[in-house]
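What follows is a short report on a single structure.
The values are calculated or read from the model by the stated rules, or taken from the named source; none is laboratory data. All of these numbers come straight from a predicted model, not from anything done at the bench. When we count neighbours, we look across all protein chains shown, and the Cβ atoms used for this are built from the backbone with ideal geometry, even at glycine.
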Amino acid sequence: MSERITSDFGARSTAREVVAGHDLAGASAIVTGAATGIGVETARALAEAGADVMLAVRNTDAGQAVADEINRAGGGKVSVGRVDLSDLASVGAFATAWGDRPLNILVNNAGVMACPLAYTAQDLEMQVGTNHFGHFLLAMLLARGLMNAADEGRGSRVVSLSSIGHRRGGVVFDDIHYRNRPYDKWESYGQAKTANSLFAVGFTERFADLGVTANAVMPGGIMTPLQRHLSREEMIGFGWMDETGRLNDRFKSTEQGAATSVWAAVGDELEGVGGLYLENCNQALPWSQESPFEGVMPHALDPEAARRLWAISEETTGARL
């Protein structure tokens, strides 16, 4: 790799520590899936630094409760908008409501993991349909706002939440939606998380010259509602927790899990830089068998795969430059 981009932060840094010293007054941000988990802490850190943050959520009651809590602490104003990323019509409605208002930071944080076979409103396999195609359309429809914010000076940024789960495989372009192959929930999750990383590569290729970049983020292992489709027995079998429910020491708190997303959104080291896969507040090293829970595999950053996925995503969502 070229010279690796690093920061003064690491695996146990918190979102608040990362954002400290940054003045985001006047900046705007959207964080999807910010009613629970690391999305809450991502939004909180950005708001406490002065940004006006919209929580883009399915459950607006839960989102409003989070917004009220953060607003009581002061800082930027936190508001709530409804979006269901498994329904492209809902994504379109959310983006229409935002319009062309300047948008400095878009954090594509929401996701579904290891669910049973299901399909979205547009008949896309649920994991890749929600995690990738929904977010792809959202970013494309908000691109004008991102460019409008970049015109004011500092570049705008898109943060695409990926996962070490990408190591389970690349995008199966001949059957993305499991029409003909047996469904495997972890293979599907891996495909979706690879797609999230390839999106950052493809987006940066097209928008960097317009002042907008995107990077993929591996937040780490965090126990959140993302695990809603997993049984306790499965998580014990994976070594995520023991029989008493004590989490493996590799797991992070939600505040720590949000740190790399916030670094991707505000870190000075990343100004004008995109198409990277980040973890533990640093650019990831290549994956190796010696460190199986860290690093990035080549298929998640492959520019040719990113271009192929981009073309399919345009065709699927109808969103084009």
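Laid out as a table, the results:
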{"item": "Failed criterion for Gln127 (all others in (1) crowded, with 23+ Cβ neighbours inside 10 Å; (2) in contact with a helix residue (DSSP H, G or I) (Cβ under 6 Å, 6 or more places away or on another chain); (3) free of Cβ contacts under 8 Å to residues at least 24 places away in the same chain hold)", "result": "(3)"}
{"item": "Test: residue in segment 156-171 that is modelled with pLDDT of 95 or more, in a loop (DSSP other than H, G, I, E, B), of a type outside the set (S, T, N, Q) and under 18 Å from the mean Cα position of the chain (by Cα)", "result": "yes"}
{"item": "Search result, residues across segment 1-12 that are out of contact with any Asp or Glu (no Cβ under 9 Å at 6 or more places or on another chain) and not charged (D, E, K, R)", "result": "Met1, Ser2, Gly10"}
{"item": "Condition check for Thr6: of a type in the set (Val, Ile, Thr) and in a loop (DSSP other than H, G, I, E, B)", "result": "yes"}
{"item": "Within segment 202-321, helices (runs of 4 or more DSSP H) holding 3 or more residues that are of a type in the set (Gly, Ala, Ser) and at pLDDT 95 or above", "result": "259-266, 303-317"}
{"item": "Failed condition for Ser313, given (1) under 29 Å from Val19 (Cβ atoms); (2) touching a residue at least 12 places away in the same chain (Cβ under 8 Å)", "result": "(1)"}
{"item": "Number of the exception - Glu290 against (1) buried (at least 18 other Cβ atoms within 10 Å of the Cβ); (2) more than 18 Å from the chain's Cα centre (by Cα)", "result": "(1)"}
{"item": "Residue under evaluation Asn180, criteria (1) surrounded by fewer than 24 Cβ atoms within 10 Å (Cβ to Cβ); (2) polar (S, T, N, Q); (3) part of a helix (DSSP H, G or I), criterion not met", "result": "(3)"}
{"item": "Residues satisfying the stated conditions in segment 260-288, i.e. touching a residue at least 40 places away in the same chain (Cβ under 8 Å) and among the acidic types (Asp, Glu)", "result": "Glu269, Glu271, Glu279"}
{"item": "Sole residue being hydroxyl-bearing (Ser, Thr, Tyr) and over 20 Å from Gly155 (Cα atoms), chosen from Thr14, Thr6, Thr42", "result": "Thr14"}
{"item": "Search result, residues across segment 94-124 that are crowded, with 17+ Cβ neighbours inside 10 Å and over 20 Å from Met140 (Cα atoms)", "result": "Val112, Met113, Ala114"}
{"item": "Check on Asp151, out of contact with any Gly (no Cβ under 8 Å at 6 or more places or on another chain), acidic (Asp, Glu) and surrounded by fewer than 20 Cβ atoms within 10 Å (Cβ to Cβ)", "result": "no"}
{"item": "Pair list, Cβ under 9 Å, 6 or more apart: segment 64-81 residue closer than 12 Å to Val40 by Cβ, other residue modelled with pLDDT of 95 or more and basic (Lys, Arg)", "result": "Val66/Arg44; Ala67/Lys77; Glu69/Arg44; Ile70/Arg44; Val78/Arg44"}
{"item": "Residues (surrounded by fewer than 24 Cβ atoms within 10 Å (Cβ to Cβ), among the hydrophobic types (A, V, I, L, M, F, W, C) and in contact with a Gly (Cβ under 8 Å, 6 or more places away or on another chain)) located in segment 9-68", "result": "Ala11, Leu24, Ala25"}
